[in-house]
Amino acid sequence: MAFIQISEAMQPSQDGKEASIRGWIYRKRTAGKMLFIVIRDASGVMQCAVKKDAVDAKGWENAEKALIESSVEVTGLVKKDERAPGGYEMQAKEFSVTQFSEIFPISKDVSTEFLLDVRHLWLRSQKLTNMMKARDFATRHFREFFVKEGFWEVTPPIITRAGCEGGSTLFNVDYFGEPAYLTQSGQLYLEVFITALEKAFILAPSFRAEPSRTVKHLTEYWHLEMEAAYYHNDDSMKFQEEMVSYVCQQMAKNHPELLQFFGRDPADLLAIKAPFDRLEYEDAIKQLQEKGVKKEWGDDFGAEDEKLLTGHLKQPIFITGYPKKIKAFYMKEDPKNPEKVLCADMMAPEGHGEVIGGSERIWELDELMKRMKEEKLEEKDYKWYVDLRRYGSVPHSGFGLGIERFMKWILNLDHIRDAIPFPRVINRCYP
Ligand code: NSS
């Protein structure tokens, strides 16, 4: 008999019919000559009642012997049963074991560090399985939005010579004896792609040798970046708020059960609607000062500041117009104030903080050369990037969104590591 997914076996149309499922033993308890074995597969869990005289001797022996996480196959009659999780139960007729599991090392009271050491086994947990599903749905919805807006998906190199976000967080690569780095952002290459495709986006890993041990920093994260020719910073912000609203709406409408699993009320995300408020950098500094934080013009915001600025909010906000000296070399100067740049960071509500960084780019040759000199960047490493300002340059803008930061917000996770299957942080790159 062909196997069906558990989600399919739990449908009213299956009631009273025979079906075969396969998966892993999730839970098991004995009640006399009955075994209640909950099986999980990618689609859900289902309780199987194995009665001694309803299966053959081998089947009963298998069911008795198989420990949690053994891989098994069960054929039986599907029956509506209010007492079973999900309301349906399978009354087993055949019970076979694909592999008997050894004693599974994960039990109830284990430490967070231990769970990270056995992440390859813990990924089967309902929490991480549901995170991976939610993350996949969210990235599909992001892609839908880009396609709807006429963007091309492109692929940047990961090994590069050009740092994008400053030297301090570059990972070195020994490239056959020549120095190179793991990319911090695909942005500089996206600026190339737009000379061919006008509107382009990337979903690829970025790397930051972040020495910071916080709940929002990974050393390897997935970066969703867009760049568009002729867009000014305001156009880019408008795009960002519409994109984030779209994905929140789609997640709330199409996947409410996944959100609820994480304790996120789908109504919270249904309420996320463009436009988002804009807060000038100076006003953000003022708000922090009023809350007793020692901040001055020119300071950047840390995780604690972002919490103070967004803890009470229900919608994301933009913080705009940062000082030039704390932002990357490629950002365009504000024509109204040469100390500032045309940029905006989107802050997620409820204290989650920055999810997007974006800006208008310097598109004229002289301005770029001047800024690169100020930042002491080696011209030879960026020659190709500078070239773009020699052959038909146009104004353009773009941004980058950290997928894990976004998931942390919408699933209301305490820590960014639970938004990625194998988190890479300062003290861990195993398993
Ligand atoms: O450094 S950013 O603010 N901006 C850039 O990299 C630009 N080059 C993007 C662009 O315009 N194409 O990073 C963008 C986002 C930021 O808002 C976070 O959401 C995320 O990338 N990000 C991170 N996520 C997880 N861990 C770390 N360490 C991290 N750093 C940035």
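The values are calculated or read from the model by the stated rules, or taken from the named source; none is laboratory data. Computed from a predicted model, the values in this text were never measured in an experiment. Quick reminder, even Gly has a Cβ in these numbers, built from the backbone with ideal geometry, and neighbours come from all protein chains shown. When the accessible area is computed, the model is the full protein with side chains, heavy atoms only, and any ligands, DNA or RNA have been set aside. Shrake-Rupley method; radii C 1.70, N 1.55, O 1.52, S 1.80 Å.
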Exercise. Does TYR391 satisfy being of a type outside the set (A, V, I, L, M, F, W, C) and over 22 Å from GLY163 (Cβ atoms)?
Worked result: yes
Exercise. Which number in (1) on the phi < 0 side of the Ramachandran plot; (2) over 39 Å from the mean Cα position of the chain (by Cα); (3) not aromatic (Phe, Trp, Tyr) marks the one condition that ALA42 misses?
Worked result: (2)
For this session: Can you tell me which residue among ASP334, ASP387 is crowded, with 16+ Cβ neighbours inside 10 Å, more than 16 Å from the ligand (Cβ to nearest atom) and either more than 23 Å from the chain's Cα centre (by Cα) or of a type in the set (Val, Ile, Thr) (or both)?
Result: ASP334
Problem set entry | Filtered residues of segment 400-431 (kept if open to solvent by 40 Å² or more (accessible area, probe 1.4 Å), over 17 Å from PHE171 (Cβ atoms) and of a type in the set (Val, Ile, Thr)) | none
Exercise. Quick one: is LEU269 away from the ligand (no atom under 14 Å from the Cβ), under 19 Å from LEU401 (Cβ atoms) and within 21 Å of the chain's Cα centre (by Cα)?
Worked result: yes
Exercise. Could you list, in sequence order, the residues of segment 204-238 that are within 11 Å of the ligand (Cβ to nearest atom), of a type in the set (A, V, I, L, M) and within 22 Å of GLU350 (Cβ to Cβ)?
Worked result: VAL215, LEU218, LEU224
Seminar exercise, completed: Note on segment 1-39: residues under 34 Å from the mean Cα position of the chain (by Cα) and open to solvent by 80 Å² or more (accessible area, probe 1.4 Å) are GLN5, GLU8, GLN11, ARG22, TRP24, ARG27
Exercise. Taking the stated definitions as given, is PRO275 outside any helix (DSSP H, G or I) and open to solvent by 60 Å² or more (accessible area, probe 1.4 Å)?
Worked result: yes
For this session: Filter the strands (runs of 3 or more DSSP E) completely within segment 161-221 down to those with at least 2 residues that are crowded, with 16+ Cβ neighbours inside 10 Å.
Result: 178-182, 199-207
For this session: Would you point out which residue out of PHE104, PHE95 is modelled with pLDDT of 95 or more, part of a loop (DSSP other than H, G, I, E, B) and hydrophobic (A, V, I, L, M, F, W, C)?
Result: PHE104
For this session: Might you let me know whether segment 365-379 holds any residue that is without any contact (Cβ under 8 Å) to a residue 60 or more places away in the chain, open to solvent by less than 10 Å² (accessible area, probe 1.4 Å) and either within 23 Å of HIS223 (Cα to Cα) or in contact with a strand residue (DSSP E or B) (Cβ under 8 Å, 6 or more places away or on another chain) (or both)?
Result: no
Seminar exercise, completed: Considering segment 243-257, residues that are open to solvent by 10 Å² or more (accessible area, probe 1.4 Å) and either in contact (Cβ under 8 Å) with a residue 40 or more places away in the chain or not in a helix (DSSP H, G or I) (or both), and then whichever is nearest to the ligand (Cβ to nearest atom), we arrive at TYR246
For this session: With the checklist (1) within 10 Å of the ligand (Cβ to nearest atom); (2) free of Cβ contacts under 8 Å to residues at least 24 places away in the same chain in hand, flag the one item GLU339 doesn't pass.
Result: (1)
Exercise. Of the residues in segment 293-302, how many are exposed (fewer than 15 other Cβ atoms within 10 Å of the Cβ) and closer than 27 Å to ASN412 by Cβ?
Worked result: 2
Exercise. Quick check: anything in segment 395-402 touching a strand residue (DSSP E or B) at 6+ places or on another chain (Cβ under 6 Å), of a type in the set (A, V, I, L, M) and within 11 Å of the ligand (Cβ to nearest atom)?
Worked result: yes
For this session: Could you pull out the residue among GLU360, GLU364, GLU350 that is touching a Lys or Arg at 6+ places or on another chain (Cβ under 8 Å), more than 14 Å from the ligand (Cβ to nearest atom), modelled with pLDDT of 95 or more and farther than 30 Å from ASP136 by Cβ?
Result: GLU364
For this session: Just one of (1) within 26 Å of LYS273 (Cα to Cα); (2) within 26 Å of the chain's Cα centre (by Cα); (3) surrounded by 15 or more Cβ atoms within 10 Å (Cβ to Cβ) trips up LYS314, so point out which.
Result: (3)
For this session: Please specify each residue of segment 222-242 satisfying the condition of being among the hydrophobic types (A, V, I, L, M, F, W, C) and open to solvent by 40 Å² or more (accessible area, probe 1.4 Å).
Result: TRP222
